[in-house]
Amino acid sequence: MKVNREMKHLYVGGLGQDISETDLQNQFSRFAEVSDVEITWKDDQGNPQKIFAYINISVEEADLKKGMSVLNKTKWKGGALQIQLAKESFLRILKIWLMEYHSGCHLFLWNSSAFLPK
């Protein structure tokens, strides 16, 4: 049977102060293959703010729905998880394009629906 996994970019808010990338990787690897975790603790001026993370995963649609329904709004490690698909930012798209460009893959920019009018 063919596995139909897609790359997804999740926003995870409501994280507690003691959260680590390893904690998030372990929690989300129950439902998907986690490729990257990025936690934000401070704003651009260095002031404390709400803690949130972006997680890149490879997942089947059914597993994504299951994972989000199980984990969303649960209390975990001093926070209450808020999980949703992340909105693509221009800087993230540019970062991906630059990584692909330097690796010799020049297709992302031209094939991305992120640049099409909605």
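The values are calculated or read from the model by the stated rules, or taken from the named source; none is laboratory data. No experiment lies behind these values; they were computed from the predicted model shown. Here Cβ is always computed from backbone atoms with ideal geometry, including for glycine, and neighbour counts include all displayed protein chains. With ligands, DNA and RNA removed, areas are computed over all heavy atoms of the protein, side chains included. Shrake-Rupley method; radii C 1.70, N 1.55, O 1.52, S 1.80 Å.
Tabulated data
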read-out: Other-chain or far-sequence residues with amide H under 5 Å of Ala86's (modelled H); value: His9, Leu10, Tyr11
read-out: Selection from Trp76, Ile96, Ile57 lying farthest towards where the dipole of segment 5-103 points positive, charges on Cβ; value: Trp76
read-out: Exposure rank, largest accessible area first [Ser29, Ser103; 1.4 Å]; value: Ser103, Ser29
read-out: Computed accessible area, Lys65, all protein chains, 1.4 angstrom probe, square angstrom; value: 130 Å²
read-out: Dimensionless Rg/Rh of segment 5-103 - Kirkwood Rh, Rg from C-alpha atoms; value: 0.98
read-out: FRET efficiency, 1/(1 + (r/R0)^6) with R0 22 Å, evaluated for His102 and Gln82 via beta carbons; value: 0.05
read-out: Surface accessible to a 1.4 Å probe, per residue, for the residues of segment 5-103, Å²; value: 65 Å²
